[in-house]
Structures are given as structure tokens and as C-alpha cells.
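*Asks:* For reference, the structure I am asking about is given below.
The values are calculated or read from the model by the stated rules, or taken from the named source; none is laboratory data. As the structure is a prediction and not an experimental result, all values here were calculated from the model. Neighbour counts are summed over all protein chains in view; Cβ atoms, including those assigned to glycine, are modelled from backbone coordinates with ideal geometry.
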Amino acid sequence: MKKIIFSLLLTMSAVNTAIAVEGNVDAGEAKAAMCGACHGAAGISPSPTYPNLAGQQSAYIVKQLSDFKSGARTDMMMAPMAANLSEQDMADLAAFFSSQKRVSAQAAASDNSSAPAAVSSGSVDIVTSTPAKAIYAGDVKAGQEKSAMCASCHGADGNSPIAIYPKLAGQSASYVAKQLADFKSGERVDPVMVGMVAALSEQDMNDLAAYFAVQIPTAGQAEGSDIGHKLYFGGDANKGITACVACHGVKGKGMAQAGFPALAGQNADYLKKQIASFREGSRGNDRSSMMRNIAIKLSDSDIDELVNYMSSIK
């Protein structure tokens, strides 16, 4: 009998240890952005292959995250996600998801009568109006006016004609605004961009982000790659490389809510430089080091094949 009681006490102690750190729901909501691509913004997964986390027990979520981090539970997608999470991060995420309802009450509404209008400018169509106030923090028209300083590198409509610079057309507003803020704060370093963002206010950044988000991206010029396609959709279990599709989507459109960028049709030279920068650590503004944890496992050949595929996605 004493042995049974002692075993129960040990079990209870282990459970209490697992949830010893008290989680904060608000902090967990902010951190959950990186989880949204697979598990949904509120923990209701949009994919049948990923679990719903809404309403799940906090202690269970914490234990699974801890096990992914320690390697006690293996998954090539979750391992890099959990690698840099602290006990507090895990507790906060668990608090947030456990507080969510199991059935999503969110409903998407659309109004076809408020579709963006476009005007012709040479060979491209530039969007100048949109129901932006209902969608973006910034103003599209104001963003167009402010974007003149961006045109020489990124193109008037965000489709950069220079291979080493990124296309901004069609990129999510949240991602563009974050990159501008990171350039200004120094979290992301670039000798050209640091001068460009120095005088930008938060509103300027939101306006520019809104403008570029509603532009239409042009097709990429890469020929594609079967090897890159395989890496993008399946990763490489032997190397511990996570499939890109989990965060960047089947069609390479990214996950706006989670802050994951669109890659489809992006300039291949730019993609190559960014992945290499994550690999060597000279770029480090990714959430929880997710890209750095993946990129460090990629060979030069892997990167070449991946960017050739991603840039070719229509």
C-alpha cells in the first residue's frame, strides 16, 4: 500500500512540475502566430493532418512541446518549432490554446462590390484603391505616394526588375510592415534599407505594406526543380529538414496571420541570399529561430534546388 501511495505522489509531482510555470493567455496569443499555419489562429486546424489545439488541456500541450524539444517525441516539423521555446513560452502557448473554444465561431465575409480598382501604368496594373480600412492598418493610396522611394529597387508596383531585390507585390501587409520595423530597429540588418527606413513612422510602414499587399505579383523566371519540389513538400527526414509547405503553403502564398511570407514567383537570387543569410546567422529576425534551425541543415545544392522551385511556383 505504501508503495502505491508513494508512486501516486511521484506521479502527481511530475504533473505539477510539468505545469509549474504559470502561463499567460495574452502572451500566448502573441506567440501563437507561428502555430497558426498548421493549427489555426485560434487552435482550430484548417488541415485534417494537424491536430486542433483549442480547448486542449494545458498540461498536455506543455508536455508535448517539451517532448518535441527534448526529442522524446519526434516530428520533423515540430522539432524546429519547439527548439527555442522556453518553459514560459510553452506555458503561455498552452494557456492560450486551452482557453479557446473547440468549435471555431469565426466566419469569413466577402463583398464583391468593394473589389480593388486598378489603373494602367505602362505594362503593369497598379492598384490604387481598396476597402483597405477593413483589411489593413495602412492606407493604400497613401502607400502609393510614399512608395516612390522604393521604386528604383522594388519596382513601381512592387515587382522588382533586379534579381537581388525582393518582389513586394502581393506580399502580406503584416510581413512587409514587420520587415520595415525590423530594419529600423536593427533586428534585421541591410546597408541599403537602414537608410530608407530611418525616417519612416509606424503609419508610413503600414501604408507602404498595404499598398504593396494589393499589387499583383508577376510570375517568377526560374525553370523549376524536381528535387526542390520534393524538398518543399516533403523536407528531408534524414537531415531533419522540415517541409517548406507547412509555413509557406501549397501554392507558396505564405500565411499572413502567422507572418510567414509568400515565396511563389520571388526572385531566385534574392531567395538564395536570404536562405544563406539565415544559415550563416547574419539574418536572425525569424520567429523562434525557425528559419535558422532549418537553413543550417541545407547544403548549397539544397538551396539552389529549393529556390529554383519556389521561384517557379505560379
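*Asks:* Are any of the residues in segment 242-265 over 14 Å from the mean Cα position of the chain (by Cα), surrounded by fewer than 20 Cβ atoms within 10 Å (Cβ to Cβ) and part of a helix (DSSP H, G or I)?
*Replies:* Scanning segment 242-265, I find no residue that is over 14 Å from the mean Cα position of the chain (by Cα), surrounded by fewer than 20 Cβ atoms within 10 Å (Cβ to Cβ) and part of a helix (DSSP H, G or I), so the answer is no.
*Asks:* Can you pull out the residues in segment 212-228 that are over 13 Å from Leu263 (Cβ atoms) and assigned to a helix (DSSP H, G or I)?
*Replies:* Residues satisfying the conditions are Phe212, Ala213, Asp226, Ile227.
*Asks:* Residues being part of a loop (DSSP other than H, G, I, E, B), modelled with pLDDT of 80 or more and loosely packed, with under 14 Cβ neighbours inside 10 Å: count how many of those fall in segment 6-50.
*Replies:* Of the residues in that region, 1 qualify.
*Asks:* Does segment 217-228 contain any residue that is within 21 Å of the chain's Cα centre (by Cα) and over 18 Å from Ala268 (Cβ atoms)?
*Replies:* No; the residues of segment 217-228 include none that is within 21 Å of the chain's Cα centre (by Cα) and over 18 Å from Ala268 (Cβ atoms).
*Asks:* Check Ala118, Ala181, Ala209 and return the single one that is at pLDDT below 95, over 18 Å from Ser311 (Cβ atoms), outside any loop (DSSP other than H, G, I, E, B) and of a type in the set (Gly, Ala, Ser).
*Replies:* Ala118
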